[in-house]
Amino acid sequence: METAVSLRDVAKVFGSFRAVDGVSFDVPRGDIFGILGPNGAGKTTTIRMIMDILRPDEGEIRVLGERLGDGLKDRIGYLPEERGLYRKMKVAEMLEFHGAIKGMSRTEARRAALLWLDRLQLGEWKERKVEELSKGMQQKAQFVAAVLAKPDLLVLDEPFSGMDPVNQSLFKDVILDLNRTGTTILFSTHQMETAEKLCRRIVLIDHGKVVREGVLAEIKAGFGRSSVLLEFDGDGGFLRWLPHVIGVDDYGQSVEVLLEPGADPQKLLAEASSKLRIRRFEVVSPTLHSIFIALVGGESPHA
Ligand code: ADP
Ligand code: MG
């Protein structure tokens, strides 16, 4: 397996706090790879180390087979968590400038920028100053800056945060297209729904440590084939404590009950219906969201 990014026992310590605590994983070339975890898990710190913005205190990181150096940076596109563009510059001008940093000619950069701006429905804004754009539009412009120079590796820190559903979907399609044309994608998110749709492999981190790593489909299979969606009247608090229940993801109006592999959903139905008035009972594949809840406890990834 040719790896685009590889981390071995990487740690980052702030004072006496181990924000990243012995993390190892490999991102195969050509993959869409998600770094998942709740807020404060250490995703951004990990990404900043991959991007050589922070130095690891322990361990080793390799990017495209090398230690990250200046030459390599031209082949990597990066959308940082802190969105910051040159606010006084015009959008197209700012992108030309970004392209030039990555070794593109001005003409080349401008041509690519205009194509991308149209694609992301920002074409009409190209001569406006960055500061005139809404937050979401600035994020799209910054995304363009990251992809402009056709990177081999695209690193995106929470690319979907703050995006409305239409733009999330647009981003998702663009990411898939870039991947199809050979770009390796590494992105962080705390939104399991998007990760579930996009990623082939994931690493789930919590409190700076790897909780699960690998092919998403295999991780899901490891949690068995069944989860149960229940809608009911009454207090379902006891469901969490029933035998063979790994976790309960409560949506107020309905719950998803994650069962141990091999557990019989009918038994759950019997238990539940003895105490609740059941309105809906459906056996489904467990969602990544419910697995996330089961693995990182009660902390909501939406917090
Ligand atoms: P995530 O991106 O998963 O939400 P971060 O990597 O941003 O998490 O942060 C992980 C932990 O490290 C948090 O508890 C955060 O407060 C802490 N942290 C991050 N950067 C610093 C820093 N420069 N100094 C001290 N603590 C930090
Ligand atoms: Mg972060």
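The values are calculated or read from the model by the stated rules, or taken from the named source; none is laboratory data. The model shown is predicted, which means the values in this text are computed figures rather than measured ones. Cβ atoms come from the backbone with ideal geometry, glycine included; neighbour counts cover every protein chain shown. Protein only, heavy atoms only, side chains kept; ligands, DNA and RNA dropped before computing areas. Shrake-Rupley method; radii C 1.70, N 1.55, O 1.52, S 1.80 Å.
Does region 86-97 contain at least one residue that is within 16 Å of ligand 2 (Cβ to nearest atom), free of Cβ contacts under 8 Å to residues at least 40 places away in the same chain and assigned by TED's automatic domain parsing to the domain that holds S24? No: zero hits.
Every condition in (1) buried (at least 16 other Cβ atoms within 10 Å of the Cβ); (2) within 20 Å of N179 (Cα to Cα) holds for D74 except the one numbered (1).
Going residue by residue through region 188-196, is there one that turns out to be assigned by TED's automatic domain parsing to the domain that holds I101, within 17 Å of the chain's Cα centre (by Cα) and modelled with pLDDT of 95 or more?
yes
In this structure, K140 does satisfy being open to solvent by less than 30 Å² (accessible area, probe 1.4 Å), over 14 Å from the mean Cα position of the chain (by Cα), of a type in the set (K, R) and away from ligand 1 (no atom under 16 Å from the Cβ). One residue stands out among those in region 143-172 that are under 18 Å from Y78 (Cβ atoms) and charged (D, E, K, R): the one that is most open to solvent (accessible area, probe 1.4 Å), which is K150. Looking at region 117-198, the helices (runs of 4 or more DSSP H) lying wholly inside it that each contain 3 or more residues that are polar (S, T, N, Q) sit at 135-147, 165-180. The residues of region 12-21 that are more than 20 Å from the chain's Cα centre (by Cα) and either more than 16 Å from G40 (Cα to Cα) or surrounded by fewer than 19 Cβ atoms within 10 Å (Cβ to Cβ) (or both), listed by number, are V13, F14, G15, S16, F17, R18.
Among the residues making up region 57-69, those that are on the phi < 0 side of the Ramachandran plot and touching an Asp or Glu at 6+ places or on another chain (Cβ under 9 Å) are E58, E60, I61, V63, R67, L68, G69. Output yes when any residue across region 48-59 is under 28 Å from L133 (Cβ atoms), buried (at least 18 other Cβ atoms within 10 Å of the Cβ), charged (D, E, K, R) and within 16 Å of ligand 1 (Cβ to nearest atom), and no when none is. Yes; the residues of region 48-59 include at least one that is under 28 Å from L133 (Cβ atoms), buried (at least 18 other Cβ atoms within 10 Å of the Cβ), charged (D, E, K, R) and within 16 Å of ligand 1 (Cβ to nearest atom).
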